Each structure stands twice: as structure tokens, then as C-alpha cells.
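> Mind having a look at this structure? Questions to follow.
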Amino acid sequence: MTGPAFWTAPDPRAALRDLLRKAYPHAVGDTDLLFALTRKYGTSPFTTLETARRELAVDRVVFERLLDTFDQVPELRAAVVNGPAGKYWSNTVLPLESKGVIENILERRTVYPHIVALYPGPTCMFRCHFCVRVTGARYENSTLDSGNAMLASVIDEIPPDNPYAMYISGGLEPLTNPGLGKLVARAARRGFKMVLYTNAFALTAQTLARQPGLWDLDAVRTSMYGLNDEEYEETTGKRKAFGRVKTNLLNFQKLRAQRERPVRLGLSYIILPGRSSRLTRLADFIAELSDAAPDQPVDFLNIREDYSGRPDGKLAPGERAELEDALNAFAERVAARVPALDVDYGYALHSIRAGTEAELIRIKPSTMRPGAHIQAGVQVDLLGDVYLYREAGFPGLAGAQRYIAGRLGPGTSLSDVVAKFVADDRRIEPRDGDEYFLDGFDQALTARLNQLETDIADGWRHTRGFLR
Ligand code: SF4
């Protein structure tokens, strides 16, 4: 019984019993309980230990024995991580656990944030209908020089032991900053491998010629807002934008193929309600880009579903079935046309593909953590403001200022801001709507931290969080 087989075997309980009988005979009597526990944490990773124990109707001694067995049977761990909600474990929870980030947060340590996002864009040429940015709000051009100097100081300050400690995103569109290439080159000289999140509208041949430092990026991740001009206009409000983005990406493909250390190219795509049937066209588009440089096909795709408009994030059964079919058709087309493409389906779509309803995290103001999680990550904008959540770093966004941990500037480094935030034990009382400042990562991490604090309070310190 390998990890994924647990979820696909015709009779997984019998398969588990077989495995235990052969390799772990002392645990075979607990087969049913171990089976239930695996299903629980494979579908609802943020369950507290006491909740799981009560659902199994066992006392603490028995429960402890089950947790011990989980430690000794790697196949059980693999089954959880390969479950319908396994992406929460594999993409977020376990990497943060293994690097000690979660302990740093729980212990309120003063450390450099694990990931620092730079938000260098003063403006954006699009106005996507789902974007929280305030129409017309931007950073003044006069902030560019001082802002870039301050971002350069952050790049110089971050310890270089983790090459992936920084990335460039927004907030607003990073390529609207003419100094971006220099910042990337500066980071690359210190050994950082930066990913640029962009809409690629300004990723023109001229931009690349004027800013050669952009070739020092590790990856360019382009957000796609449609697959023709009409769809783009519908979503971004900009006419003829798809044609330009496509030209830019085709050109980028050719140019990067000529380089010795080519930048990886990836796309991200959000499936908006009612648009799942367009997915095969997405695969064709990626194939067209890949064909422009056959030795350098597009490297990766991050695909997500927009649940924001639905109560509790639940899909209606019909919509869900349609999405599942569309995802299968898409996967077939990818296998046929761009087999090397690395597709990340994210938390929600992964569970839909697995044909099982996984619990989706919906953090609300009542479950937000007033102390946030500065040790895990921060976002720094052109003013030097250090934001605690990834979707808060937009100029003029109502309420977002409350989530600024401090401001960088001459005489105030990032480590000073973190140290003060931690020493002051700053708390931000969440208000209605604040949950929209959290992206999927912030939400998953918040859910994990809430779970752990409950486990610890319930006396499960040494086994907190089930897996780690
Ligand atoms: S989602 Fe991105 S590209 Fe769209 S308006 Fe917002 S910042 Fe601009």
C-alpha cells in the first residue's frame, strides 16, 4: 500500500490490514482506528487531536498508541500526505515544520521572516474585476528612487543561507518599476533565486533589453487572465491585452532558449466560475508557447479555482462534476501536448481531481490570529512598509494599514521591524473583511497555528499537529 493507493484501492481497509499483518503485526488490532485516522487527516488536516480522538471514541492512552504507530509506519504518513487534502501537508505545513518556521512562530522568536516578498510595482495597467486594489491608487513616481534603494537594502540584509528567501510580486505590477532588473541582479549576486510574479503585459523585448538584470531571475510566473482578447478585456478591462501578452511570452521563449542558464517560465491561471470548459484551450496555448522553443518548453503551471463568490467555498454538485470533467480533459491534453509541464493544482483542485471532498480552509475574522505570523513571511512595498499578509500590500486599501508591522528606512532595518513587532507583542483585532488580506498560504498557515495552539493547550505538546 503506497501513499496514493490508500485512496484508490478497491478495499483500502483490507489493504491496510494486509500491510500491517506483514510488516507491523503489533498494530494489526488497531487497523480500523488507524484507517479512520488516516482518512481524517488526509481530508481534514487541520483537525485538532482532541477532536480526532473524540470522533474515534478512544481514551488518551489508546490515542497515544495510535499516534506512535503513525510514527512507525511510513506508509500511513504517505497515505495522509497523498490524500485529497494532501497539498496542505506537502505544499505548506510540512515544509514549514521541517525548517522550524512553525516553532519560531509558536515560540514568538525574533528571526528573519522565512520568506520576504518584495512589492516594487508603483502601479498596474490592468483593473481585474476580482482584484482588491483601489482603482486609481498608486505609488507616486517620486517614491521610486528611495523605494528601490530601500528594497536594495532589504536584499543586502537577508541572510543568504536560503536562496529562495525572496520573491517579487505585488500588490501592484512589478514590471511597472523600471529599476526592477537592477534589484534582481543585486539579489542574484548574493545567490538568491527570485521568482517574478507578473501579468507580463510589460515583459516586452524593449523591457528585457533595457533591464538585462531580469535574466538573473530564477523564474517568471505569468498570471493569465484569459485566452483571447475578449476574455482579457472582460477580466482586466484592458483591450487587446491577450495579443500583447502572447507576443511577449513567445518572444521570451525564443530569447531564453538562447541563454545558458535560462530563466524558468511558468503560468498561473484561475478558473473563474463557469469557465472550466476553456481549460483545454489553456493546454493548447501552453503547447504553442512551448513549440516556439522546443528545447525549452514552458516549465510549470499553477492552476486554481475561484471560490470567492460561493458561500463556504462549496461548489454546487453540477458545477463540481463539470469542473472534474474539465480537469480530466485538461490533464489528457497536457499529457499529449506538453508532457513535461509541471502542473500544480493547489489545495482545492487537487481534491476535486481526487474525487473526494476535502475540507477547504476559510479563515474568518473570528479565526484570524491577532499576532499574525511575522516569522513566516512579510511583504515590503515601495514605501518600506512591512505587511503581515500577502493581500494587504496595496496602496490606499481600507483597513490594510493596520497590518503594517513597521516601516523600513534609514536607520530601520527589517530585523529592527521584526524585533520591535515581537517585543511589543503587537496584536491587531480583526474586523469584518480582514480575512481578504490573507491569501491561500496565509490561510493554511493560520489554520495550522490555531490547530497547534489547541493541541498544546489540550496537553498534546509532544505530538501537536499530528504530522510534522
Ligand atoms: S490582479 Fe494583478 S494584474 Fe489584475 S489589477 Fe490586480 S494587480 Fe493588476
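Bear in mind these aren't lab numbers, they're just calculated from the coordinates by the rules spelled out. Values in this document were obtained by computation on a predicted structure and should not be read as measured data. Quick reminder, even Gly has a Cβ in these numbers, built from the backbone with ideal geometry, and neighbours come from all protein chains shown.
> Hey, could you pull the Cα Rg and Dmax for segment 113-365, both in Å?
Expressed in Å, the Cα Rg and Dmax of segment 113-365 come to 18.7, 53.
> Using Cβ-Cβ distances only, list the Cys residues of the chain with no partner cysteine under 4.7 Å, sorted by number.
C124
> For segment 81-172, which GluC sites (Glu not before Pro) pass both filters: DSSP loop (anything but H, G, I, E, B) and at most 14 other C-beta atoms within 10 Å?
Those satisfying the criteria are E107, E140.
> Once Rh is set to the Kirkwood radius over Cα pairs, what Stokes-Einstein translational diffusion coefficient, in µm²/s, holds for segment 14-139 at a temperature of 10 °C and a viscosity of 1.306 mPa s?
Values: Rh = 18.1 Å.
Calculated translational D: 88 µm²/s.
> Which translational diffusion coefficient, to the nearest whole µm²/s, is obtained for segment 5-83 from the Stokes-Einstein equation, given a Kirkwood hydrodynamic radius over C-alpha pairs, 25 °C and 0.890 mPa s?
Once the numbers are plugged in, D ends up at 195 µm²/s.
> Hey, could you grab the Kirkwood Rh for segment 110-256? Inverse mean 1/r over distinct alpha carbon pairs, Å, one decimal.
Radius from the Kirkwood sum: 16.0 Å.
> If packing is taken as the mean number of other Cβ atoms within 10 Å per residue, what is the order of 405-418, 211-224, highest first?
211-224, 405-418
> Just the number, please: percent antiparallel of the DSSP beta bridges in the chain, rounded to the nearest 5.
On the way: 6 of 34 bridges.
So the antiparallel bridges amount to about 20 percent of the total.
> Spelling out what I want: for every residue of segment 383-391, take phi, set θ = phi - 60°, compute 6.51 cos²θ - 1.76 cosθ + 1.60 (Karplus), and round to whole Hz; glycine and proline get x.
Taking θ as phi minus 60°, the curve returns 8, x, 6, 9, 8, 8, 10, 6, 9 Hz for segment 383-391.
> Pop out the Kirkwood hydrodynamic radius of segment 256-404 from its pairwise C-alpha distances, inverse of mean 1/r, in Å to one decimal.
18.2 Å
> Continuing with this model, one more query. Need one number: the % of Cα-Cα pairs in the chain sitting beyond the 37 Å mark. Before the final figure, lay out each step's value.
On the way: 33197 of 109278 pairs.
Percent of Cα pairs beyond 37 Å in the chain: 30.
> Sort 231-243, 441-453 by the packing proxy (mean of other Cβ within 10 Å over each peptide's residues), most packed first.
For the peptides 231-243, 441-453, the packing ranking is 441-453, 231-243.
> What three numbers, in Å, describe the spread of the alpha carbons of segment 361-449 along their principal axes, ordered from the longest?
Result for segment 361-449: principal-axis Cα extents of 39, 27, 20 Å.
> Given only helices, namely DSSP H runs of n ≥ 4 each adding -39500 (n - 2.57), what is the per-residue ellipticity at 222 nm of the chain, to the nearest 500 deg cm²/dmol?
-12500 deg cm²/dmol
> Shifting gears a bit: Give the peptides 168-174, 338-344, 424-430 in descending order of average Cβ contacts within 10 Å, highest first.
Peptide ranking by packing, descending: 168-174, 338-344, 424-430.
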